1. Any idea how many residues of the range 387-408 are in contact (Cβ under 8 Å) with a residue 12 or more places away in the chain and farther than 16 Å from S356 by Cα?
2. In the range 70-86, what residues are of a type outside the set (A, V, I, L, M, F, W, C) and either in contact with an Asp or Glu (Cβ under 9 Å, 6 or more places away or on another chain) or surrounded by 12 or more Cβ atoms within 10 Å (Cβ to Cβ) (or both)?
3. For the range 160-170, does any single residue satisfy the condition of being under 27 Å from K72 (Cα atoms), of a type outside the set (K, R) and either assigned by TED's automatic domain parsing to the domain that holds G61 or buried (at least 16 other Cβ atoms within 10 Å of the Cβ) (or both)?
4. Look at Y76 and say whether it is part of a helix (DSSP H, G or I), under 21 Å from R238 (Cα atoms), touching a residue at least 24 places away in the same chain (Cβ under 8 Å) and in contact with a helix residue (DSSP H, G or I) (Cβ under 9 Å, 6 or more places away or on another chain).
5. With L139, L128 as the choices, which residue is touching a helix residue (DSSP H, G or I) at 6+ places or on another chain (Cβ under 9 Å) and more than 26 Å from A197 (Cβ to Cβ)?
6. Out of all the residues in the range 234-254, which are crowded, with 23+ Cβ neighbours inside 10 Å and not aromatic (F, W, Y)?
7. Any idea how many residues of the range 250-273 are in contact with a His (Cβ under 8 Å, 6 or more places away or on another chain) and under 15 Å from L223 (Cβ atoms)?
8. Before we move on, is A397 over 27 Å from H278 (Cβ atoms), in a loop (DSSP other than H, G, I, E, B) and of a type in the set (A, V, I, L, M, F, W, C)?
Amino acid sequence: MRLRDELNRTWAPVRFVRPATLAIAPVAEDLERRFGGVPVPLPPLPNLLEETERRLIVGKGDISGLDRRHRKALPYILWTSSRGWSENERLVKDYLAWADRDWRTAPRQLWGHYLLNMNPGNFATDRLATWLGARADRLTPTLREFSRKWDLFKPKPGIAKVAASLLTGPDLIAEMAGLRIDRDKLLRSAFLLSVFAALGRQLHNYRLSCGIAATLKELLADLGDTPILNMQGPGSLRQSALKSLVEGLVNWTDTLSKEARNPTLDLLHTLIGDPRLHAPRWSNIEAGVRETVERWLTEITLETFFEVFKSQQTANPKMVAEREIFWRGYRKKISRAWLITGADGRAIAKRLLGKSFGQFSSGAGAAHLGLMMQMGNYVILEMNQNGRTLFWPISDAEMPGFYQPEYRRATLIDRCQQETIISRKAGRFHMIHRNPPGQKMYWQSKYEEKISSIIGVSRSG
């Protein structure tokens with residue numbers, strides 16, 4: 001037969017009969033039983049969720065008006081609706097009774113919803129914990145073992161156990177990712193808010209050094225600034241988690257060495273911001289905790305001023321050393337401090353202080369530098385270059401306050417021209433780091449005497 005004839009030949013279509021059961025199916029089912037994680041179904045469409053909630057509203061929480069599609073969609077709104085369905089006892093009980101009766105895979109399907117929305121004390125959380133615990137045999141071995149390991153069906157002890165694990169690193173988060181839990185949903189979950197609240201309480205009494213600040217910083221990096229306030233969950237849970245975590249971190253850090261402060265301050269900057277710049281965010285935080293953080297920031301600001309000062313080339317390095325020794329003698333008397341820098345000092349200031357420093361306006365030189373300090377009822381502005389120090393009462397409405405982003409150096413100098421003071425009630429003045437002509441009194445003694453007589457503050461050595 002020639003090739004042409006062979007190609008023109010009519011061929012019968014190949015018949016393929018699919019077997020009732022593929023040979024690989026039992027293997028896949030066995031793997032799923034042994035290692036299966038959280039089911040990942042497609043979430044319901046928004047209109048289905050809206051319709052489900054409308055029917056619940058009409059029925060005042062009665063699920064009899066919901067068909068099977070609506071009932072399977074209910075977990076997506078149970079904890080997240082502003083109407084608080086998770087506290088509706090009738091709704092929760094009726095729903096679990098239906099799931100037990102008519103939804104064979106309900107334990108596994110509801111496990112993920114339970115975990116991500118876990119909030120001890122919430123009725124749906126507590127009820128579902130008991131319900132799932134009694135039906136753990138209907139979970140995959142993987143989920144059952146994970147739940148047992150972390151006591152997940154006992155919400156309060158389970159949350160506390162998870163919180164304690166973060167003190168040794170973020171390994172649990174990676175372990176949960178292996179269960180096919182969406183990482184972004186986990187990081188934004190009410191579950192993690194509950195963990196943070198418990199972690200803060202644990203840190204109050206924790207006395208060991210650990211890397212918790214770095215762990216949380218890395219964990220929350222993808223959520224941007226104020227991550228806790230942007231997480232999912234009741235507003236009261238977000239606020240209590242933030243309050244507990246901030247207070248716990250600060251109280252724990254204050255028991256450690258000064259070196260432990262920088263990682264904590266870096267984390268606090270992300271969680272809640274500088275209390276001097278974002279006072280409303282700190283309104284719910286214990287006053288003593290806020291004062292501790294401001295004390296840390298004052299000390300770091302003082303350190304940064306001298307680090308920038310030393311980095312600048314000067315013809316008189318002895319002068320820089322003298323000023324550092326002098327002002328460090330007042331460090332325990334300085335209640336507030338704020339760095340003001342020109343262009344040359346911005347890189348160091350940003351590295352050490354983040355956004356918590358001011359800048360001189362364009363009229364000042366790039367190498368100009370200033371340190372605003374409050375001692376008693378006076379503001380003292382120590383400046384480099386011309387060796388001038390400005391003083392004014394804290395109540396002076398014509399002078400700038402602390403924590404502003406920009407200051408006009410020339411205006412400050414012009415308004416503090418008076419060099420001598422007769423009484424405590426007198427206003428602004430300035431002093432210079434030079435001895436008066438014909439006098440041998442060191443400038444330090446002159447400054448110390450004036451600060452003592454006018455402000456009532458003495459150096460501590």
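1. Number satisfying all stated conditions: 14.
2. Hits for the range 70-86 are H70, R71, K72, P75, Y76, T80, S81, R83, G84, S86.
3. No - not one qualifying residue is present in the range 160-170.
4. Yes: the conditions hold for Y76.
5. One residue alone meets the criteria, L139.
6. Residues satisfying the conditions are A241, L242, L245, V246, G248, L249, V250, T253.
7. Summing the residues that are in contact with a His (Cβ under 8 Å, 6 or more places away or on another chain) and under 15 Å from L223 (Cβ atoms) in the range 250-273 gives 1.
8. no
The values are calculated or read from the model by the stated rules, or taken from the named source; none is laboratory data. Bear in mind the structure is a predicted one, so any value in this text is a computation, not a measurement. Using ideal geometry, Cβ is built from the backbone for each residue, glycine included, and neighbour counts are taken over all protein chains shown.
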